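The values are calculated or read from the model by the stated rules, or taken from the named source; none is laboratory data. A quick note: this is a predicted structure, and the numbers were derived from the prediction, not measured. A quick note on method: Cβ atoms are made from the backbone with ideal geometry, for glycine too, and the neighbour counts reach across all protein chains shown. Ligands, DNA and RNA are stripped out before the accessible areas are found, and what is left, the full protein with its side chains, is counted by its heavy atoms. Shrake-Rupley method; radii C 1.70, N 1.55, O 1.52, S 1.80 Å.
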Amino acid sequence: MSAALALGDDALVLSHRLGEWAGHAPVLEEEVALANIALDLLGQARVLLSLVGDEDELAYLREERAFRNLQLVEQPNGDFAHTIARQLYFSVYQHLLYERLAAGEGEFAGLAAKAVKEVAYHRDHAEMWVLRLGDGTEESHDRMQGGLDALWRFTGEMFQPLEGLDSPESGVDPRALESTWLAAVTDVVERATLTLPAGPRSGGWAAGAGRQGLHTEPFGRMLAEMQHLHRSHPGASW
């Protein structure tokens, strides 16, 4: 499995999940913000998947077991707080990763250098909403805590080794990002008057499973929706 495929799938799947908020976000401004984040991620996915093969075929013609995205990014949106918890966990990780890649000389340096500013905004956006919801009303506090708790068990997979990232040119070991990620997330959670979840950060069956092509039940339904139009009209041009 190449790192380009894994990172491209992360961006593609999360882009689709965020796109599902179109027409359903709590306020118009937030609908625009989530759509822009989704488009940023889609742009990243196109570049990364093009390093592996034909981007359209990889996105729309692979079966579920051929995808190598993290299980975290495929989780359903839930309520708005649940989506923000997913964004916090992933965007902090992606920002740290792209900063390291941009500083190197590997094949991902160019992409990372262009995308790191986008990802910094994704992170700021998520952190702002965690603070706003956590330190808001009793209901918003409870919902934000619920989102953090529900997704915590999927976060360990982000720090599994990825072939291609540990080259001398890239010089990035995802495991080395873990302590920095944990400190950053803890700081935001505590400032939001929330509690860092105490449970394990991966189940025995789920540790690294998304990277191995093993996905959670909601992913199959999401994939069928994402691929339906392309599969229904093979070879069509628009």
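A few comments on the model shown:
- What you get for the chain, charging only the Cβ of Lys and Arg (+1) and of Asp and Glu (-1), is a dipole of about 260 debye around the Cα centre.
- Backbone phi angles across the range 191-197, fed through the Karplus curve with coefficients 6.51, -1.76 and 1.60 (θ = phi - 60°), yield HN-Hα couplings of 5, 8, 6, 9, 10, 5, x Hz in residue order; Gly and Pro are listed as x.
- In order along the range 7-14, the phi-based Karplus estimate (6.51 cos²θ - 1.76 cosθ + 1.60, θ = phi - 60°) of 3J(HN,Hα) comes to 5, x, 5, 3, 5, 5, 5, 5 Hz; Gly and Pro are listed as x.
- Dimensions of the range 45-94 from C-alpha coordinates, computed as largest minus smallest value along each principal axis and given longest first, are 35, 21, 15 Å.
- Kirkwood analysis of the Cα pair distances in the range 1-85 returns a hydrodynamic radius of 13.3 Å.
- Computed over the chain, relative contact order equals 25 percent, with contacts defined as Cα pairs under 8 Å that lie 6+ residues apart.
- P(r) tail, the range 3-232: Cα-Cα pairs separated by more than 28 Å, 26% of all pairs.
- Portion, in percent, of the accessible area of the chain that falls on carbon or sulfur, probe 1.4 Å: 53 percent
- Ranked packing of 136-142, 55-61, 104-110, most packed first, by mean Cβ within 10 Å: 104-110, 55-61, 136-142
- From the C-alpha gyration tensor of the range 81-191, square roots of 5λ in Å: 29, 14, 10
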